[in-house]
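Some notes on the structure that comes next.
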Amino acid sequence: MERYPSDLTDAEWVILEPLIPLEKPGGRPRKIDMRAVLNGIFYVLRAGCAWRMIPHDYPPKSTVYAYFALFRTEGVWEQIMASLRERCRQEAGREATPSAGIIDSQSIRSTDREGPHGYDGGKKLSGRKRHIFVDTTRLLLKVVVHTADIQDRQGVPFLLEPVKGRFPRMKKVWADQGYTGKGRGWIKEQMGWEVEIVRHSWPACGEWVPHGDLSDVSTVWFTYERIKPEPKKFRGVLPQRWVVERTFAWMGRSRRMSKDYEYLTSSSESMVCLTMIRLMLRRLTDTSETTRENAQRRRAV
C-alpha cells in the first residue's frame with residue numbers, strides 16, 4: 001500500500017511504539033494494528049477532514065476515533081509529548097526540563113457546532129483561545145483551550161496550575177502586556193517564578209508633554225497629548241516573544257488547526273499535543289544537513 005505523506009515512517013514508529021500503552025491486564029487482547037490507527041489520526045490532523053472521511057486504507061473511523069478519545073481521556077497524548085520533548089532537549093545538548101519559558105494565547109474561530117465558545121472583543125471573533133506554555137526551544141510544555149472571552153491574565157491559573165511542581169528547574173517566564181497585573185502577580189505568588197513583560201519600544205497611546213518656562217519649575221505645566229497611531233506594519237520581532245509565535249506557526253501547518261472543529265476543549269488540547277508529537281518525531285528522525293545545522297544553532301542559543 002502506498003503511504004500517505006502524514007503516515008509514520010519506520011524510523012518514527014521505532015521511537016513511538018514503546019510509548020504506546022499496552023492493553024490492560026485481564027482485558028480483551030488488542031488485535032488492531034496501532035501503527036495504522038495512529039496513521040489515521042495523523043491523517044485527520046494533517047488533512048483537516050472529518051473523522052468519517054478517513055480513507056479506507058486505514059482502520060474504520062469508529063476504531064480510529066475510539067483510540068483518539070481513549071488516549072485523550074487517559075492523558076496519553078500529553079505523556080507521549082513530554083517523553084519526546086525531553087528526548088529532543090537532551091539530543092540538543094540541554095537538560096531534560098527547562099529553566100525558562102514563554103506563555104501566550106491564540107484566539108481561533110470555532111465552527112457552528114455546540115460546545116464552549118466566547119467572543120474576543122480584541123480580535124473581533126467568536127471562538128476559543130489556545131493558551132500555551134513553551135520552552136526556549138519552542139517545544140510545548142502545556143496547553144489549555146478555553147473560551148475566547150477569557151482574558152490572558154484570567155487564563156493563567158488554568159494554564160499553569162496543572163504543571164505546578166512538574167518543572168523544578170523553571171525560574172523565569174516571558175510574557176506580553178496582556179499578563180500585567182493579576183496574571184503576573186499570580187505567577188509570582190503561586191509558581192514562584194520571575195516574570196518579565198516584553199513591551200514594544202513605542203508608547204501605547206500618548207505621553208505627558210511639558211510647557212512653559214522649563215527653567216522655572218513653578219511655571220511648568222503638563223498636558224497629555226495623544227500620539228498618532230503607528231501604521232500597521234511589521235516592526236521586527238521582540239526578544240523572546242518570537243519563540244512562542246514560531247510554535248503557533250508550526251501548529252498552523254496542520255489543516256485541522258485552522259479552526260477549532262472539536263466539540264470538547266479536551267479534544268482541542270489533544271490535537272495541539274498531536275501536532276507537537278508529529279513535529280518532534282520528524283525532528284528526531286531527520287538526519288538531513290539542514291536539520292543538523294538547525295540543531296547546532298539551538299545548542300548555541
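Every number in this text was worked out from the coordinates using simple rules, so none of it is lab data. All figures in this text were calculated on a predicted structure; none of them were measured in a lab. No Cβ is skipped: glycine too gets one built from the backbone with ideal geometry, and neighbour counts run over all protein chains shown.
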Given region 60-121 reduced to its alpha-carbon atoms as identical point scatterers, what log10 I(q)/I(0) does the Debye formula return at q = 0.28 Å⁻¹?
-1.09
Cβ density ranking, 10 Å radius, fewest first, applied to R153, R109 yields R109, R153
Taking neighbour counts of Cβ atoms within 10 Å as a proxy for exposure, in what order, fewest first, do K24, K259, K61 appear?
K24, K259, K61
FRET efficiency, 1/(1 + (r/R0)^6) with R0 45 Å, evaluated for R166 and D33 via beta carbons
0.85
Shape call for region 85-140 from the C-alpha gyration tensor, a ≥ b ≥ c root eigenvalues: rounded (a/c under 1.5), prolate (a/b greater than b/c) or oblate?
prolate
Listing K188, K142 from the residue with the fewest other Cβ atoms within 10 Å to the one with the most, what is the order?
K188, K142
Please work out the Cα convex hull volume for region 1-84 and give it in Å³ per residue.
112
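Could you state the per residue volume, in Å³, of the convex hull enclosing the Cα atoms of region 128-207?
Given the Cα convex hull of region 128-207, per-residue volume reads 115 Å³.
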Based on C-alpha coordinates, I'd like the Rg and Dmax of region 1-160, in Å.
18.2, 53
